[in-house]
Amino acid sequence: MRMMILPLLAAVPCALPAKDTEQKLNVLFIIADDMRPALGCYGHPDVLTPHIDSLASRGTVFRQAYCNAPISGASRASLLTGLYPSMPERFSRFDAWASKDAPDAVTIPLLFKNNGYTTLSVGKVFHNLKDHDSDWTEYPWRLNPDGYGRDWAEYNKWELWLDESSSSLVNNRTGRGPFCESADRPDEDYDDGQVALKAIDNIRKVAESRTPFFMAVGFWRPHLPFNCPKKYWDLYDKNDILIADNRFAPENLPSNCKGSTEIYGYGCVNDTSDPAFHALARHAYYSCVSFIDAQIGKILQALDYYGLSDNTLIVLIGDHGWHLGEHGFWGKHNLLYNSISSPMIISAPDSKGCVSDAVAQFVDIFPTMCDYAGIDVPDNLDGKSLRPIVDGKKTSVNDFAFIQWEKGMSISDGRFIYTSWYGKDGQRTAEMLFDHKKDPDENVNISAEPSSARQVRRLSKVLDSFRIRIKGK
């Protein structure tokens, strides 16, 4: 059931007490599910994201930001505990529970709560609603209070589809609705419109109470199904949608590297190699990104309205990347760049807009937030604070980023991405190496070329050492 629409922002009175002179820094953490770095501020002017671009103009845009696992559950469990995945031992593939896999870990919300913060979860933050649910000041909020079960995309149990025509486009094999729709409905009729309203209401409450807050806001889109109000669909002309020009498998691609099959569970997905499908799917995905951008804009406006912008650290990410037809893939679930790269924008109250090519990874988010809030971090965190980069004191803090998926591990130094798969005996079974300076689209795996031997030795040695260290934790 849809919740009651909250009052419009402009109608809320703003009679707030004076702020304390020693007020702690607030933290707003925004996660968009499956949002890859195809945004205006990342050099994609064809994708309309004016509010994210505005945030980027006063923050640091990390162009070499990586998730540590290209799947929602493991990615979120990892970043919220500050611990690398060690799949399948820790943060397993699909059903990741941080409270089960790392029961002694201190999460970001718990640490902030223990340091006097009001900690709030709105929308999809942890993958599972009950995961570390007691670490928040208030029980995590989702539009559907039970969260979503394994049948979350069954038509139309959770009211994901709002266009009546979608009922005739259900996938008979899975019971899921069509992979996209654009109903002529207001923002608030879709889940993410309600997420924005709840976040705004929380901002009003914490502003009135003058309590420091850590609030995580998780948007569902642009995750499948690509459903959003028609007005965002209409921002794009279908004839102007550009599709990938590398709709072929990379040369020398190991069989270990596969595409996700998730999209095939939805209706209206037939020939995914058809250029018309590529254009339609991109149109739908971009429309959802613009929808989420508008919701983010409302939240940022609320911070301004309640006088909190000058005392709030804002961190915005997608939870991993997503293929939009590159190499014939749709989705995440592999160790190619389009799956493991993510937008990461960090805006501190006094920061200035800049672009960084420093290697950043999601386990860095926890220590970065603590650094700005003046909170001591747990001894076992795997990441490093990115504050020296945002503050302009350093150009880098990491030599490498590490990513894991199933039996494969990747390492990136910002130019080269090397991947190795391991068998049960721990021996290497397959490799990939891409030089992003020469081949940014990853069209040729050069790991077996003689000229790559030095880089393979260098990166494989570091990766093997990392693997042993993580397995031993």
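The values are calculated or read from the model by the stated rules, or taken from the named source; none is laboratory data. From a predicted model like this one, the values you see are computed outputs, not experimental measurements. Here Cβ is always computed from backbone atoms with ideal geometry, including for glycine, and neighbour counts include all displayed protein chains. Note: accessible area is taken over every heavy atom of the protein model, side chains too, but ligands, DNA and RNA are not part of it. Shrake-Rupley method; radii C 1.70, N 1.55, O 1.52, S 1.80 Å.
Take Ile389 and tell me if it is touching a helix residue (DSSP H, G or I) at 6+ places or on another chain (Cβ under 7 Å) and among the hydrophobic types (A, V, I, L, M, F, W, C). Considered against the rule, which asks whether it is touching a helix residue (DSSP H, G or I) at 6+ places or on another chain (Cβ under 7 Å) and among the hydrophobic types (A, V, I, L, M, F, W, C), Ile389 comes out as no. Among the conditions (1) over 30 Å from Phe248 (Cβ atoms); (2) free of Cβ contacts under 8 Å to residues at least 40 places away in the same chain; (3) open to solvent by less than 60 Å² (accessible area, probe 1.4 Å); (4) among the charged types (D, E, K, R), the only one that Asp382 does not satisfy is (2). Listed by position, the strands (runs of 3 or more DSSP E) enclosed by the stretch 361-473 that each have at least 3 residues that are under 21 Å from the mean Cα position of the chain (by Cα) are 401-405, 408-412.
Working only within the stretch 113-133, note down all residues that are more than 21 Å from the chain's Cα centre (by Cα) and either polar (S, T, N, Q) or on the phi < 0 side of the Ramachandran plot (or both). Answer for the stretch 113-133, where residues must be more than 21 Å from the chain's Cα centre (by Cα) and either polar (S, T, N, Q) or on the phi < 0 side of the Ramachandran plot (or both): Lys113, Asn114, Asn115, Tyr117, Thr118.
Looking across the stretch 126-150, the residues that are among the basic types (Lys, Arg) and either open to solvent by less than 20 Å² (accessible area, probe 1.4 Å) or at pLDDT 90 or above (or both) come down to Lys130, Arg142. The set of residues in the stretch 249-287 being aromatic (Phe, Trp, Tyr) and either more than 26 Å from the chain's Cα centre (by Cα) or not in a loop (DSSP other than H, G, I, E, B) (or both) consists of Tyr264, Phe277, Tyr285, Tyr286. Filtered by the rule that a residue be within 13 Å of Leu169 (Cβ to Cβ), open to solvent by 10 Å² or more (accessible area, probe 1.4 Å) and either out of contact with any helix residue (DSSP H, G or I) (no Cβ under 9 Å at 6 or more places or on another chain) or modelled with pLDDT under 95 (or both), the stretch 266-283 gives a lone residue, Asn270. Looking at the stretch 185-202, is at least one residue among the aromatic types (Phe, Trp, Tyr) and more than 20 Å from the chain's Cα centre (by Cα)? No, there is no match, as no residue in the stretch 185-202 is among the aromatic types (Phe, Trp, Tyr) and more than 20 Å from the chain's Cα centre (by Cα). Residue check: Phe402 meets all listed conditions (1) open to solvent by less than 10 Å² (accessible area, probe 1.4 Å); (2) under 30 Å from Thr107 (Cβ atoms); (3) in contact with a helix residue (DSSP H, G or I) (Cβ under 6 Å, 6 or more places away or on another chain); (4) hydrophobic (A, V, I, L, M, F, W, C) but one, namely (1). Among the residues here, Ala153 qualifies as on the phi < 0 side of the Ramachandran plot, of a type outside the set (Ser, Thr, Tyr) and modelled with pLDDT under 95. Checked against the criterion of being modelled with pLDDT of 95 or more and open to solvent by 30 Å² or more (accessible area, probe 1.4 Å), the stretch 284-297 contains not a single residue that satisfies it.
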